[in-house]
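Working notes, beginning with the structure itself.
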Amino acid sequence: MLSSLDRKLFRDLSHMKGQSFAIAIVIAAGVATFVNSRTLLHSLELTRSTFYERYRFADVFARVKRAPDMLVDRLQEIPGVSTVESRIVKSVTLDVPGIDEPAVGQLISLPAFRPPRLNQVYLRRGRQLEPSRDDEVLASEAFLIANNIDLGDTIGAIINGRRKELRVVGVAFSPEYVFQIKPGDMLPDPHHFGILWMDHEALSNAFDMDGAFNDIAVGLARGSPVEEVILSVDRLLEPYGGLGAFPRKDQLSNLLLESDIQGLRTTGLIAPTIFLCVAAFLLNVVLTRLTSLQREQIAALKAFGYTNLQIAWHYMKFVLLITAAGGLLGTLGGMWLAHDFTKLFLRVYQYPELVFRVQPNVAVNAMLVAGGAAVLGSFGAIALAVRLPPAEAMRPEPPARYGPTLLERIGLGRLVPNVARMVLRQLERHPIKTTFSLLAISMSVAIVVVGNFIGNSVDKVIQVQFYDVERYDLSLATVEPVSIDAIRELENLPGVYQCEPRRYVASRLRVANRSRRIGIVGLPRDAALMHLKSRTGKYVALPREGMILSKKLASVLNIRAGEKVRVETLQEKRPVADVVVVDLLDDITGLNAYMDIEALNRLMREGPQVSGAMLTANPEFLPAIYKELKETPGVASVTIRQAAIDSFRNTIAKNMLHMRMINLIFAIIIALGVVYNGARISLSERTRELATLRVIGFTRREISTILLGEIGTVTLLGIPFGLLMGYWFSWILTLFLDQEVFRFPFVIANSTYGLAAATVLAASVGSALLVRRKLDHLDLIAVLKSRE
Amino acid sequence: MASSISNWAVEQQETQDREVVFAAQGLTKTYHMGEVDVHALRGVDLELFAGEFVVLLGPSGSGKSTLLNILGGLDVPSSGTVFYRGQQLTEFDDAGLTRYRREHVGFVFQFYNLIPSLTARENVALVTDIAAHPLNPVEALRMVNLVDRQDHFPAQLSGGEQQRVAIARAVAKNPSVLLCDEPTGALDVHTGILVLEAISRINRELGTTTAVITHNAVIADMADRVISISDGKISHVHLNPNKRPASELTW
Ligand SMILES: Nc1ncnc2c1ncn2[C@@H]1O[C@H](COP(=O)(O)OP(=O)(O)OP(=O)(O)O)[C@@H](O)[C@H]1O
Ligand SMILES: [Mg+2]
């Protein structure tokens, strides 16, 4: 049996269903974003750790030029090492049926008759390699799908200068390549980059690596010191051309996953916080109004002997019911969002399966947090109402105290028309409420700005990276450093306009006790095909001596421009030198070091050597150039700028659009919630006044102006402030998302401001119209008859 | 039947005349309004007896409501003491006053103070929900002749009907005192009389000690005792041995 008080509760709720709904939706949005980000985070972490563990992802990785197999035993003896797997890993040019451009294949050897000890391969379809066949490969799924390759199809590969047809027999996934990105690229390009696993013997024969390996994976015993193991591994591999061991956390795929997870962790809490703050504010405003409307009812309840606690609980239940409804809706919405986002992530991540588990405790936490915010928001209003002594509550609230507004006080009163004066006085009378409404409106504007800023920033990335920095049509890397003469040959290919050399030297940069393994890029000082431009578009010139570092790398190494960095090169004669950091480059991706190619060659104590080239060409000749490159021995990889741009647009841009939509919806929810509630409350506070005005002879339009003028003023003031806030938030976001892998350039397009203002304005006008409908149906007699 | 009930009431009054329900001594109430102090009560001594019907009469602002609120445990005096059946109300804390109101007092307000979102019956049930020995809400409505309107919301009732619902609500908990602050203040003569009849019927049939505030001297004719208040003091107490039934009053 429902108690009478509970009956009142439900009647009140249904009487205020519009407002309750508006608040519930804001709460739902807060809970949904919370549940979404937590669920997503959890499922990403769980998926990753499950995959890593089950398929034995290694702890330390190292590349070496060529080391004898017997070295494995010595590596195995390093204290702390539990498992060592040696392999052959080679980059080759692929001739994929159906595309002109050459693709890059990462060939990885698999031992025969046993699974690898580390970095095992999950076979989704097809079968394992037949050890007797030397032309079979397992291939990564994304590459197969992107190129429409089926089991049994063949791919041409230039192996050690000779073309070989490789038959795909299985579809595979590996913990090493969850994020399949070609070293040096910014994003996955599954069209042009594939991982191929091949029988060890076949690969070793093809590359004359009999009895030798060029890559190792190391598994550590639990709790062993990674840094010491790395030192030992480096010491053992050095004589054989070791390129520097690195821990799991620097492994490219893992690094990218980690940076996504970190981003989610920091940004995942921002949206829920905003929504729940707005919800708390709305509940405060609505409860203040409700309890003041029901002031005499509260007094009567007290007179009958209801305790303060019972009455407070009554109103708290009102709040909690709204919160529960919002929370429930939000939880479901959050699950759905998480599911949706998971699919977005699956477009980029190569996992055999994504472990998506609904966690009841996330929902419970979300509900608790929402409940907490709701209680916090409404507590003040309820306590105030309940604490009112009954004898005082019995008499109607004293008439509101109005005063002249600021404008009038400074003597501009005569400039303000009467209606405007009523609006302004109303706003000034509730400074806190007005401020909060203003903040909430601004917040919804800011959300659109921030949401769209990411899109602007990504556009800017394309602009800067693919047009300002990389100005070539394609770039290629050679297997080994070659003489500068190779550039001449490329230049002489038909259709090639320009060709410039590039040199890449794997090195370890060290400053005091900090170090990072990176590749130093050598460029001609007057390079036309690659410009060193910062994310803000600032051009940095390459010095004759010394190097340019990414600003992020400098901060990682804790070094300033003008100071010296110890460069330990890891190739050829492995010279070590101290090099001056001449300037810093605030670039977008990765940790980079640039030098004049001549200075770099001097540092290497070598003549004019190159390890790659950049070129521009007549588009009509590109297919022929591609064909030529596919067959050129010694080319390890080819990168085509247009392909990179396309894949960028296909993956990230699509995901971006999705996020933008969601952000927009959220901003609209907040604006609707704030404006609708604001207007409903002023309507309720001023029904009598407005009815009186109508009776005196004011038109509907005039009284609408008075009522909606208030919320309109707040909206109009809130928009510019919100734009400013969006600007700051976006800027703060770039600080948060300042990662080693990627740094967002800070840029906001004018269209973003326009969209934000228009969205919130439209939402405001929409809710104002809803309230105006109520105003049009104002029953004058009823209003004036009833006692306020 | 009616006469036997009134005989019973008279006997009751005679035997219980001496049981003091309220005993107040030296009550004062001062409101501090910025610079000025408003003395709503300036030393009131008063006794109310079980089962009697008292009318409090006085001009506006004389302190009637203040006094009634203090007796009903809605307010506390600035000084002085109030005893309810031997318990000192002025010693009670907020929780104690709430319990006192819940168990013993029925209130009727000038502006009814019904909960607009609840029907007549539900408004009454609001009180019976928390009372120890309540009447059935429908029974309470029967006493004010409103059984057939029990499912109507306050907005669907006239002022007099609303006030009768408020009376039903006040008596439904079977209180030992019924305090009414200008119950007819907002009503016309005819409806006012209906309301007063309802109140006096409760007083007679249930023996509820009843105090009614009014501006209207005519109403005093139906009381056992009339206490006149002016300027925060009791100026006059008048015994009225020949009560007139409400139906005979006119104003
Ligand atoms: N909360 C308060 N704050 C300040 N002054 C008050 C307050 N309550 C009552 N008063 C003052 O105390 C005095 C007595 O008030 P009270 O309400 O008891 O009068 P009353 O006799 O009931 O008048 P009426 O017949 O108009 O209802 C009045 O002057 C009133 O202004
Ligand atoms: Mg009064």
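The values are calculated or read from the model by the stated rules, or taken from the named source; none is laboratory data. Being a predicted model, the structure only gives us computed values, none of them experimental. Using ideal geometry, Cβ is built from the backbone for each residue, glycine included, and neighbour counts are taken over all protein chains shown. Heads up: the accessible areas ignore ligands, DNA and RNA and are worked out on the full protein's heavy atoms, side chains in. Shrake-Rupley method; radii C 1.70, N 1.55, O 1.52, S 1.80 Å.
The table for this structure:
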| item | result |
| --- | --- |
| Counted residues, segment B:81-126 - those being within 16 Å of ligand 1 (Cβ to nearest atom) and among the acidic types (Asp, Glu) | 0 |
| Any hit, segment B:211-234, residues being basic (Lys, Arg), within 16 Å of ligand 1 (Cβ to nearest atom) and over 17 Å from B:Gly160 (Cα atoms) | yes |
| Those residues of segment A:290-324 which are more than 14 Å from every other protein chain (Cβ to nearest Cβ) and open to solvent by 30 Å² or more (accessible area, probe 1.4 Å), in sequence order | A:Ser292, A:Lys317, A:Leu320, A:Leu321, A:Ala324 |
| Filter result (open to solvent by 30 Å² or more (accessible area, probe 1.4 Å) and closer than 30 Å to A:Lys17 by Cα) within segment A:341-371 | A:Pro360, A:Asn361, A:Val364, A:Asn365, A:Met367, A:Leu368, A:Val369 |
| Candidates A:Ser378, A:Ser457, A:Ser444 - the one that is surrounded by 21 or more Cβ atoms within 10 Å (Cβ to Cβ), polar (S, T, N, Q) and modelled with pLDDT of 90 or more | A:Ser378 |
| Test: residue in segment B:103-116 that is within 16 Å of ligand 2 (Cβ to nearest atom) and out of contact with any helix residue (DSSP H, G or I) (no Cβ under 8 Å at 6 or more places or on another chain) | yes |
| Conditions (1) touching a residue at least 24 places away in the same chain (Cβ under 8 Å); (2) within 14 Å of another protein chain (Cβ to nearest Cβ): number failed by A:Arg66 | (2) |
| Residue list for segment A:598-652, restricted to those being over 35 Å from the mean Cα position of the chain (by Cα), within 25 Å of A:Arg544 (Cβ to Cβ) and not in a helix (DSSP H, G or I) | A:Met604, A:Arg605, A:Glu606, A:Gly607, A:Pro608, A:Gln609, A:Val610 |
| Test: residue in segment A:16-38 that is closer than 30 Å to A:Arg289 by Cα, of a type outside the set (Asp, Glu), open to solvent by 50 Å² or more (accessible area, probe 1.4 Å) and within 14 Å of chain B (Cβ to nearest Cβ) | yes |
| Identity of the residue in segment B:28-53, within 16 Å of ligand 2 (Cβ to nearest atom) and more than 14 Å from chain A (Cβ to nearest Cβ), that ends up least open to solvent (accessible area, probe 1.4 Å) | B:Val44 |
| All positions within segment A:648-673 that are open to solvent by less than 20 Å² (accessible area, probe 1.4 Å) and either farther than 26 Å from A:Gly455 by Cβ or out of contact with any Ser or Thr (no Cβ under 6 Å at 6 or more places or on another chain) (or both) | A:Phe648, A:Gly673 |
| Which listed residue, of B:Leu56, B:Leu68, is among the hydrophobic types (A, V, I, L, M, F, W, C), touching a residue at least 40 places away in the same chain (Cβ under 8 Å), buried (at least 23 other Cβ atoms within 10 Å of the Cβ) and within 13 Å of ligand 2 (Cβ to nearest atom) | B:Leu56 |
| Residue in segment A:197-204 that is open to solvent by less than 30 Å² (accessible area, probe 1.4 Å), within 27 Å of A:Ser49 (Cα to Cα) and among the aromatic types (Phe, Trp, Tyr) present | yes |
| Matching option when the condition is part of a helix (DSSP H, G or I), more than 16 Å from ligand 1 (Cβ to nearest atom) and free of Cβ contacts under 8 Å to residues at least 24 places away in the same chain, among A:Leu384, A:Leu344, A:Leu368, A:Leu329 | A:Leu368 |
| Any hit, segment A:741-752, residues being crowded, with 20+ Cβ neighbours inside 10 Å and assigned to a helix (DSSP H, G or I) | yes |
| Scan of segment B:93-130 for residues that are among the aliphatic types (A, V, I, L, M), facing chain A (nearest Cβ under 8 Å) and more than 16 Å from A:Arg11 (Cβ to Cβ), ordered by number | B:Ala95, B:Val105, B:Val127, B:Ile130 |
| One residue from A:Leu690, A:Leu615 being touching a Cys at 6+ places or on another chain (Cβ under 7 Å) and open to solvent by less than 40 Å² (accessible area, probe 1.4 Å) | A:Leu615 |
| Answer residue from segment B:141-162, given it is part of a helix (DSSP H, G or I) and within 13 Å of chain A (Cβ to nearest Cβ) and is modelled with the highest pLDDT among those | B:Gln162 |
| Of all residues making up segment B:167-195, the number that are within 10 Å of chain A (Cβ to nearest Cβ) and closer than 18 Å to A:Tyr306 by Cβ | 6 |
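Every residue, every condition in (1) open to solvent by 30 Å² or more (accessible area, probe 1.4 Å); (2) touching a residue at least 60 places away in the same chain (Cβ under 8 Å); (3) out of contact with any Lys or Arg (no Cβ under 9 Å at 6 or more places or on another chain), yes or no:
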site: A:Val496; (1), (2), (3): no, yes, yes
site: A:Glu500; (1), (2), (3): no, yes, yes
site: A:Tyr504; (1), (2), (3): yes, yes, yes
site: A:Leu523; (1), (2), (3): no, yes, no
site: A:Arg535; (1), (2), (3): yes, yes, no
site: A:Pro543; (1), (2), (3): no, no, no
site: A:Ile548; (1), (2), (3): no, no, yes
site: A:Asn558; (1), (2), (3): yes, no, no
site: A:Glu572; (1), (2), (3): yes, yes, no
